[in-house]
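The values are calculated or read from the model by the stated rules, or taken from the named source; none is laboratory data. The structure displayed is predicted, hence computed values, not measured ones. Glycine also receives a Cβ, built like all others from the backbone with ideal geometry; neighbour counts cover every protein chain displayed.
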Amino acid sequence: MSDNVEKKGFFAKMADSLRGYKSEFKKIVWPSWSTILKNTGIVIAFILIVSIFIYVVDLLFGLLFNWVVGLL
């Protein structure tokens, strides 16, 4: 290792990291408000569909269970 290579201290490394984070943060492309609303609507609709599906499956299994127990 060369003697003229200076070692960076903790705070110098932290400053370099923060500068890197700042430059990467500027590269982020934020979605528009309409895109956010559209995606939120899709997520809510999907949650409702899955919730209804789980409810129906639970109801059917409950009926099936009660039918089987009634046979015993």
Check your understanding: Which condition number in (1) of a type in the set (Phe, Trp, Tyr); (2) surrounded by 10 or more Cβ atoms within 10 Å (Cβ to Cβ); (3) at pLDDT below 90 is the one that residue 55 fails?
Key -> (3)
Check your understanding: When you go through 17, 34 one by one, which is the residue that is in a helix (DSSP H, G or I) and within 24 Å of the chain's Cα centre (by Cα)?
Key -> 34
